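Okay, structure first, notes after.
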Amino acid sequence: MAETSGTSGASIELEHLTKRYPGAAEPAVDSVSMEIKAGETVIFVGPSGCGKSTTLKMINRLIEPTGGRIRINGEDVTDIDPVRLRRKVGYAIQSAGLFPHMTVAQNIALVPRMIGWGKGRIGDRVEELLDLVGLDPGEFHGRYPRQLSGGQQQRVGVARALAADPPVLLMDEPFGAVDPITRDHLQDELIRLQRELHKTIVFVTHDFDEAIKLGDRIAVLRERSHIAQFDTPEAILTNPADDFVSGFVGAGAALKRLSLTRVRDVEITGCPTVTFDDPLQEIFNKLRSSGTHEVLLLDGRGRPYKWLRRGDMMRAKGSLARAGTPVSDTVTRDATLRDALEAVLTDNAGRVAVTGRHGEYTGVVDMETLMNSVHELLEADRLEAMEHQHELEEIRADRTHAEQEGAVGGGRTA
Ligand SMILES: Nc1ncnc2c1ncn2[C@@H]1O[C@H](COP(=O)(O)OP(=O)(O)OP(=O)(O)O)[C@@H](O)[C@H]1O
Ligand SMILES: [Mg+2]
């Protein structure tokens, strides 16, 4: 890989940072204070209009604060020349925000030119950055933004933000406009980049899953950028500060749990199975006697082949070859509950067959089991969080008690 030993992150301190837009009754951002450590990735999440973008843009003074201070690596940058500030702070936005009449190379060169780099140095840097974000310099250098896919534009946007090697990178919903698969890839690339570059990243998103995936810490913001909670993803998931936060993470917490748990951890049930060798009458009997409304037809090697219902058998006039619905998806015991849920939903019938090492049928997981397990897991998380809270309170109470005793004791001897 090309030279990546660039400038690593700087700390950011916001101190009572405030923005009051002219004519507005209320400030858009009201006295936000937070400390972001050097090299940390912090995610801002919060409802639309709560002031995320305004807060972010004040950090590089694309928007001028009306109150409070900003410190980067201890230096007060609230009043320095904004051009000087752009060297410290790179900025990438939703749908890349590339200039359409400039080539990829010209777009990336923007800030280095602004701060007076020489031509040769800029040229080298552009090549290096294209390579870094996974675009072939020879191929993409001279293209215009409209000749790129959404994901490629986004990569160029990130390259542009990194151009002058700033210690701080601000990203405002940078992956908001691309499809979910590209988004996943871009997220993975950002994680890889960050492992190499150790920038300080402040990243705005609506998507709590994205926040969990990318963030060292997440700031959940409410109206006027008031901080509802600022903590690690794990802490927010297991111990949301209040209803506002749990409302925000609810679905995210469940999904994260789904990805952390395996099919082998939940109850695998069975369903009646039949094979091509079974007499039709026996299949009818099984359908009639079993509590379920369907049986699973296995192929010659014991693998799930078709789901058969009573109506299917009637319609196909008893011919197994024509009857039933082919099994479209199965899961193994190592699949995540998220995979299982996906399969259950895709199949649209509320269950999925579980298979062993050779694809052979070993059981069934149904929607109800999945839902119950997730519910139990979340409940367990909540209990654990409560116990933790309880322990903390006890420690605190003990300490207060000890202090009081100490004070009283001291009084007596005096
Ligand atoms: N230039 C402006 N002039 C006046 N008011 C503004 C301006 N820009 C933003 N606002 C207001 O400030 C508040 C915060 O806006 P901001 O763009 O920071 O929200 P946000 O959290 O980024 O929202 P979203 O998630 O929709 O991007 C909103 O009420 C918005 O209407
Ligand atoms: Mg915004």
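The values are calculated or read from the model by the stated rules, or taken from the named source; none is laboratory data. The shown structure was predicted, so the numbers you read here are calculated from the model rather than taken from an experiment. Positions of Cβ are backbone-derived with ideal geometry, glycine not excepted, and every protein chain shown enters the neighbour counts. Ligands, DNA and RNA are excluded from the accessible area calculation, which covers all protein heavy atoms including side chains. Shrake-Rupley method; radii C 1.70, N 1.55, O 1.52, S 1.80 Å.
Every residue in the range 340-387 that is within 30 Å of ALA241 (Cα to Cα) and either part of a strand (DSSP E or B) or in contact with a helix residue (DSSP H, G or I) (Cβ under 8 Å, 6 or more places away or on another chain) (or both), please. Residues satisfying the conditions are LEU341, LEU370, SER373, VAL374, LEU377, LEU378, ASP381, ARG382, GLU384, ALA385. Within the range 19-40, being buried (at least 22 other Cβ atoms within 10 Å of the Cβ) and either part of a loop (DSSP other than H, G, I, E, B) or away from ligand 2 (no atom under 16 Å from the Cβ) (or both) holds for one residue alone: ILE36. Taken over the range 41-66, residues that are more than 16 Å from ligand 2 (Cβ to nearest atom) and in a loop (DSSP other than H, G, I, E, B) amount to 4. Restricting attention to the range 130-160, the residues that are of a type in the set (A, V, I, L, M) and either within 22 Å of the chain's Cα centre (by Cα) or buried (at least 24 other Cβ atoms within 10 Å of the Cβ) (or both) total 4.
Does LEU98 qualify as being open to solvent by 30 Å² or more (accessible area, probe 1.4 Å), in a loop (DSSP other than H, G, I, E, B) and among the aliphatic types (A, V, I, L, M)? Spelling it out, it is not the case that LEU98 is open to solvent by 30 Å² or more (accessible area, probe 1.4 Å), in a loop (DSSP other than H, G, I, E, B) and among the aliphatic types (A, V, I, L, M). Condition check: within 24 Å of ARG86 (Cβ to Cβ) and within 16 Å of ligand 1 (Cβ to nearest atom). Does ALA159 satisfy that? Against the criterion (within 24 Å of ARG86 (Cβ to Cβ) and within 16 Å of ligand 1 (Cβ to nearest atom)), ALA159 does not qualify. Looking across LYS52, LYS88, LYS57, one residue alone is buried (at least 18 other Cβ atoms within 10 Å of the Cβ), within 27 Å of the chain's Cα centre (by Cα), within 25 Å of HIS198 (Cβ to Cβ) and away from ligand 1 (no atom under 16 Å from the Cβ). It is LYS88.
So that you can scan it fast, the table gives a plain yes or no per residue for (1) assigned to a strand (DSSP E or B); (2) within 28 Å of PRO27 (Cβ to Cβ); (3) touching a residue at least 12 places away in the same chain (Cβ under 8 Å); (4) of a type in the set (Asp, Glu):
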| site | (1), (2), (3), (4) |
| --- | --- |
| ASP79 | no, yes, no, yes |
| TYR91 | yes, yes, yes, no |
| GLN106 | no, no, no, no |
| GLU139 | no, no, no, yes |
| ARG155 | no, no, yes, no |
| VAL158 | no, no, yes, no |
| PRO174 | no, yes, yes, no |
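Among the listed residues ARG303, ARG333, which satisfies the condition of being touching a strand residue (DSSP E or B) at 6+ places or on another chain (Cβ under 7 Å), closer than 19 Å to LEU258 by Cβ and not hydrophobic (A, V, I, L, M, F, W, C)?
On the way: ARG303 fails: closer than 19 Å to LEU258 by Cβ.
Sole residue among the options that is touching a strand residue (DSSP E or B) at 6+ places or on another chain (Cβ under 7 Å), closer than 19 Å to LEU258 by Cβ and not hydrophobic (A, V, I, L, M, F, W, C): ARG333.
Note on the range 331-378: residues that are under 21 Å from HIS293 (Cβ atoms), buried (at least 20 other Cβ atoms within 10 Å of the Cβ) and of a type in the set (Ser, Thr, Tyr) amount to 1. A Cβ distance below 7 Å, combined with a sequence gap of six or more or placement on separate chains, defines the contacts here; from the range 263-278, residues that are farther than 14 Å from GLY356 by Cα and free of Cβ contacts under 8 Å to residues at least 60 places away in the same chain reach residues that are open to solvent by less than 50 Å² (accessible area, probe 1.4 Å) and polar (S, T, N, Q) in the pairs PRO272/SER290. Cβ-Cβ distances below 7 Å connect the following pairs, each with a first residue in the range 302-319 that is part of a loop (DSSP other than H, G, I, E, B), a second residue that is open to solvent by 20 Å² or more (accessible area, probe 1.4 Å), and a separation of six or more residues or different chains: GLY302/GLU360; GLY302/TYR361; ARG303/GLY359; ARG303/GLU360; ARG303/TYR361; ALA316/ARG322; GLY318/LEU280. For the range 10-18, the count of residues that are within 16 Å of ligand 2 (Cβ to nearest atom) and surrounded by fewer than 20 Cβ atoms within 10 Å (Cβ to Cβ) is zero. Please give the number of the condition GLY6 fails out of (1) in the same structural domain as GLY151 (by the TED database); (2) more than 30 Å from PHE244 (Cα to Cα); (3) touching a residue at least 12 places away in the same chain (Cβ under 8 Å). For GLY6, the exception is condition (1).
Just give me the residues in the range 300-310 being of a type outside the set (Lys, Arg) and open to solvent by less than 30 Å² (accessible area, probe 1.4 Å), in sequence order. Lay out the reasoning, then the answer.
At the first step, the residues of the range 300-310 found to be of a type outside the set (Lys, Arg) are 300, 302, 304-305, 307-308.
Selection gives GLY302, PRO304, TRP307, LEU308.
In the list ALA228, ALA163, ALA219, ALA211, which residue meets the criterion of being in the same structural domain as GLY134 (by the TED database), surrounded by fewer than 23 Cβ atoms within 10 Å (Cβ to Cβ) and of a type in the set (A, V, I, L, M)? Before the answer, list the steps.
Numbers: ALA163 fails: surrounded by fewer than 23 Cβ atoms within 10 Å (Cβ to Cβ); ALA219 fails: surrounded by fewer than 23 Cβ atoms within 10 Å (Cβ to Cβ); ALA211 fails: surrounded by fewer than 23 Cβ atoms within 10 Å (Cβ to Cβ).
Just one listed residue meets the conditions, ALA228.
Considering the range 196-208, the residues that are surrounded by 16 or more Cβ atoms within 10 Å (Cβ to Cβ) and part of a loop (DSSP other than H, G, I, E, B) include one that is nearest to ligand 1 (Cβ to nearest atom), namely ASP207.
Return the residues of the range 221-245 that are assigned to a helix (DSSP H, G or I), touching a residue at least 60 places away in the same chain (Cβ under 8 Å) and within 16 Å of ligand 1 (Cβ to nearest atom); say none if nothing qualifies. Across the range 221-245, the qualifying residues are GLU223, ARG224, SER225.
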